[in-house]
Ligand SMILES: [Mg+2]
C-alpha cells in the first residue's frame with residue numbers, strides 16, 4: 001500500500017447495491033395479504049415496532065424481518081391468521097434471500113479506481129449467508145482487502161475494524177447511506193464519515209445530520225467520492 005493510503009470502509013446495502021427496495025416490496029405484499037385484518041399504516045407501524053423489539057435477538061437481516069412479519073400477522077389478527085397466509089409470508093421472506101443484486105451507480109468504477117491506492121474494507125450487518133451471497137453476485141468482492149459482516153455498527157466496531165485493517169480510525173473514512181450506523185459511530189471513533197443518501201432508508205436508520213462535526217461529509221453519489229478523498233488525503237500530507 002502506498003504512503004498516504006487511507007482505510008476506506010464501505011457499507012454495502014443501499015450504498016453499493018439496492019436493498020431496502022426489496023424490503024418495501026415485501027412489506028407491500030404483506031399488507032395485501034393482511035388487508036382483511038388491518039389498515040396498511042397500522043400494520044407498518046406494528047411491524048416496525050416488532051422489528052425493533054426483536055433486533056437484539058435476531059439481529060439485522062431478512063430472517064429476522066420474516067419472523068417479525070409472522071409475529072405481526074398473529075398479533076393483528078389476534079391469533080386468527082390462516083396458515084396459508086403464514087406460508088405466503090414465509091415464502092415472501094425466502095424469495096428475498098434470492099433477489100437479484102443490482103449495484104448502484106458508480107459503485108463498480110469507484111471501487112476499481114480506489115482499490116490498490118487505499119485499503120478497502122466492506123463493513124456490513126445483516127444475515128451472514130445473505131451478505132456473502134450478495135457480495136459474490138455483485139462482482140465487487142475482489143476490490144476489497146477485507147470483509148467484515150458484523151452484528152451491529154457502533155463506535156467500538158469501527159475502532160476494532162480500523163485498528164485491525166490499517167492505521168487506526170483516524171486514518172479511516174467510512175462511507176454509507178445510514179447516518180445512524182455508518183456515519184455517526186465512525187465519526188465518534190475518530191474517522192471521517194461520508195454519507196451517500198439513498199432515497200429509501202429504513203425508518204430505524206434515521207438520525208440527525210452531524211452537520212457541525214469537522215469530519216462529516218455528504219456526497220450525492222459514489223462518483224463524487226474520489227474527489228472528496230483527494231481533499232482528505234491533502235489534509236493528512238500537510
Ligand atoms: Mg446501508
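Tabulated data for the structure shown
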{"item": "All-pairs alpha carbon distance profile, segment 71-130, 10 Å steps from 0, percent", "result": "16, 28, 25, 15, 13, 4"}
{"item": "Tail fraction, Cα-Cα pairs, segment 1-107, threshold 21 Å, whole percent", "result": "43 percent"}
{"item": "Segment 55-87-segment 91-169 distance, computed between alpha-carbon centres (Å)", "result": "28 Å"}
{"item": "Relative contact order of segment 20-96, defined on C-alpha pairs under 8 angstrom at six or more residues apart (%)", "result": "36 percent"}
{"item": "Normalised contact order of segment 152-238, rounded percent, pairs of Cα under 8 Å and 6 or more residues apart", "result": "23 percent"}
{"item": "P(r) histogram, all alpha-carbon pairs of segment 91-176 included - 10 Å bins from 0, percent", "result": "15, 44, 33, 7, 1"}
{"item": "Segment residue 203-residue 80, length gained on full extension (0.36 nm per residue, minus Cα span)", "result": "41.4 nm"}
{"item": "Listed residues 59, 79, 116, most fluctuating in the chain (Gaussian network, C-alpha, under 10 Å)", "result": "79"}
{"item": "Burial ranking of peptide ranges 152-164, 5-17 (average Cβ count within 10 Å, highest at the top)", "result": "5-17, 152-164"}
{"item": "Cα-Cα separations in the chain greater than 24 Å, expressed as whole percent", "result": "47 percent"}
{"item": "Convex hull (Cα only) mean projected area of segment 175-223, reported in nm² to one decimal", "result": "3.3 nm²"}
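Every number in this text was worked out from the coordinates using simple rules, so none of it is lab data. Keep in mind the model is a prediction, meaning the values are calculated, not measured. Here Cβ is always computed from backbone atoms with ideal geometry, including for glycine, and neighbour counts include all displayed protein chains.
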